[in-house]
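Quick note: the coordinates plus some simple rules give every number you see, no bench work behind them. Being a predicted model, the structure only gives us computed values, none of them experimental. So basically every Cβ, Gly included, is an ideal-geometry build from the backbone, and we count neighbours across all protein chains shown.
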Amino acid sequence: MGRIHLLDEETINHIAAGEVVERAASVVKELVENAVDAKAAKIIIDITADASAVKRITVTDDGVGVSAEDAALAFRQHATSKISAPDDLAGIVTLGFRGEALASIAAVSKVTFTSKERESAAPEAVQVVIHGGELIRRTSVGAPEGTTIIVEDLFYNTPARRKFQRSVSTELSHIYDMVERIALAHREVAFVLLYQGKERFRTYGTGAYPDAIASVFGTAFARDLIPVEKTGGIAEVRGYVSKPGCNMRPTPTRFYLTINSRQVTSKSLQWAVREGYGTLLPKGMYPAAFLDIIIDPRDVDVNVHPTKREVRLSRERDVGSAVRDAVYTALHDDEIFTAAPAVPAAKQQKLIADEEKTAEQKHEKTYEIPKEEAPKTTSFTESKRSLHEAVMSYLSPAGASDKTPIRSTLRQTEIQLRRTESETGAKPTAEVPEVLGQIAGTYIAARNANGELVIIDQHAAHERVMYDQLLQKIAEKKASQELLTPITLTLSRAESASMPELSKTLVQAGYVIEPFGQDVWAVRSVPVISSTLGDVKVIHEIIAETAGISEKNPERVLDRVVKTIACRAVIKGNTPLTRNQMERLLCQLAETNSPHTCPHGRPTALVLSKEKLAAMFLRT
Ligand code: ADP
Ligand code: MG
């Protein structure tokens, strides 16, 4: 940093003026940011309070310090070393630049500022004491390189303001939050926060984001994040976001965003992150996100808000798209079914080779069965018999061979599962977890290649598979199958009124529905994925569910239609599955882009790692 000087009138007029000292936490923020700007490697924040208020704030750093001449100048209004002309406002890289904080703080408290300039010839440090803006004393003292500033009796001379201060615990929580945010934004700096002389929080300044996150939120939390990295384009985006299904909250409290190292809040970028999740995010939930965005400093205006928490981006939309894409890519690169580590997996493979072979034979067998499911065709009895046989062959010897309800459920399941089975029967390229068994008729317990326990929700999993395939078919314009005889449908007035618009969207999903009379509509084609979707009741449900959407966005409506279709046509919970069916479902799931969640954003699979199990069993 250069010499401190007073800004000229013109520059001052360009600065968004405002109050920076509202409360103890804002004092902490300004002092810590000054220490960061001074290139400190270690910053110690020490807070003392009595029952009614924060009494003393001490911030010590090992940064560049100031010279004896500059020490008193630093406390003058508009005295800064960080900018000198209006032009400097574009392209600011320091956290401070207004030259107001020290002056404002010193005006309402008792400050002791001690600083020794790095590599200066002067043997001693300078110390200035200022009470209520008045210089009390300026002396030389012995002190190490860097700066210590002590702020006492905040608002002692402004009783009205003092009254507005919240309880000590509220103030402390703001201070903790503030320091955590700054520490997360500046991982190369080690932070220590003391309260009443006791250490409350510490980061190590390793520079690594996961280390800082682990310091603030714990290692278990940090493990459930996945890295985001996007370079090139107008914005570089790096950081970490929640794994789908992990660390979700109903409020965006764990959203840490920096733009060019400045921590900021931005509703639009928050939204961009959520868009990156798409269907991986449960409704109304927010992931944790820790993202650094680097853009051309000329594209960001930090000079819009006195506390600098809000910034204006000249290319906000482009930056938003970059963030969304970065998050999307990160989420879809991540594999819940992690690739097998070569050696141990090979060994394991051999052990289960035999079992696999039989499974494969069974799998092949299923392809001998005619794919036809519509019961009106001539091969009805034939297909029914072979299907029945096939289903029965999956049952274990102890299987419920004479329990008709189970038998018919299995057949139904078989039909549902086949809707999404690939014609080629090719093995998925992704690693498929090994099925251990079914739990509560609803979940599949499996072991992935890392030896972790994976629990899969069969309905959510199949829904995800179906949803992805439907979208694929829609993209290829192969969603529709024509009915031999159209079905007629009587709709309510309101539903009927929405049909001219809605039918355009339904066409894309595979439903060709045309007017047939007063509130009567003819269904000429249904989605190819399943003829059950030609059921009048199902169609009616889909229309009822989407007609009311006030959404003008046809893409959203289509999405909703597709989700509803997917939900209707897939395996439900509380349905017994054979081992072979479970294996096939997991194969299908492994082939999807987003095996972690169903289209509604609920998780499809939970992974219980060795560490998680150990923690649950309190083994350490
Ligand atoms: P700003 O940060 O906007 O420049 P401040 O009032 O916060 O204004 O600080 C005024 C000046 O005092 C800074 O520009 C800087 O030169 C100096 N200063 C403040 N705190 C420190 C510190 N911890 N280490 C070194 N210099 C500091
Ligand atoms: Mg400052």
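What the table shows:
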{"item": "Among 77-84, 279-286, the order from most to least packed when residues are scored by Cβ within 10 Å on average", "result": "77-84, 279-286"}
{"item": "Rounded if a/c under 1.5, otherwise prolate or oblate - the range 246-301, Cα gyration tensor axes", "result": "prolate"}
{"item": "Label zone at Met285 (point 7 Å along Cα-to-Cβ), backbone N below 18 Å, the range 589-604", "result": "594-604"}
{"item": "Rounded, prolate or oblate (a/c below 1.5 giving rounded, otherwise prolate when a/b exceeds b/c) for the range 492-620 by Cα gyration tensor", "result": "prolate"}
{"item": "Base-10 log of normalised Debye intensity for the range 1-144 (one unit scatterer per alpha-carbon) at q = 0.16, 0.17 Å⁻¹", "result": "-0.89, -1.01"}
{"item": "Taking all pairs of distinct alpha-carbon atoms in the range 150-295, Kirkwood radius in angstrom", "result": "17.0 Å"}
{"item": "Alpha-carbon centroids, the range 571-601 and the range 461-506: separation in whole Å", "result": "23 Å"}
{"item": "Residue order, fewest to most surrounding Cβ atoms within 10 angstrom, among Lys163, Lys478, Lys572, Lys29", "result": "Lys163, Lys478, Lys572, Lys29"}
{"item": "For the range 22-37, Karplus couplings with θ = phi - 60° (6.51, -1.76, 1.60), whole Hz, Gly/Pro x", "result": "9, 6, 4, 4, 6, 4, 4, 4, 5, 5, 5, 5, 4, 5, 5, 4"}
{"item": "Protection proxy ranking, peptides 59-68, 436-445, average beta carbon neighbours within 10 Å, highest first", "result": "59-68, 436-445"}
{"item": "Point-to-point label distance, Val141-Glu199, nm (Cα→Cβ direction, 7 Å offset)", "result": "2.5 nm"}
{"item": "Prolate/oblate/rounded call for the range 180-239, Cα gyration tensor, a/c under 1.5 rounded", "result": "prolate"}
{"item": "Rg over Rh [alpha-carbon atoms, Kirkwood Rh] for the range 128-229", "result": "1.08"}
{"item": "Mean Cβ neighbour count within 10 Å, used as a protection proxy, ranking 107-113, 520-526 highest first", "result": "107-113, 520-526"}
{"item": "FRET efficiency estimate (nearest 0.05) - Cβ-Cβ, Arg166 to Phe221, R0 25 angstrom", "result": "0.35"}
{"item": "Nonlocal amide H pairs with Thr597, under 5 Å, H built at 1.01 Å", "result": "Thr604"}
{"item": "Stretch gain in nm, segment Leu613-Thr231, where the contour uses 0.36 nm per residue and the Cα spacing is subtracted", "result": "133.8 nm"}
{"item": "Semi-axis lengths, Å, the range 565-620, gyration tensor of Cα atoms, sqrt of 5 times eigenvalues", "result": "27, 15, 12"}
{"item": "Antiparallel bridges, percent of DSSP beta bridges restricted to the range 241-321 (to nearest 5)", "result": "60 percent"}
{"item": "Theoretical FRET efficiency, 1/(1+(r/R0)^6), r = Cβ-Cβ of Glu119 and Ala41, R0 22 Å, to 0.05", "result": "0.90"}
{"item": "For the range 407-529, alpha-carbon Rg relative to the globular expectation (2.2 N^0.38 Å, N residues)", "result": "1.42"}
{"item": "Förster-model FRET efficiency, 41 Å R0, Arg418 and Glu514, C-beta, rounded to 0.05", "result": "0.85"}
{"item": "The range 44-99: relative contact order as a whole-number percent, Cα under 8 Å and 6+ apart", "result": "24 percent"}
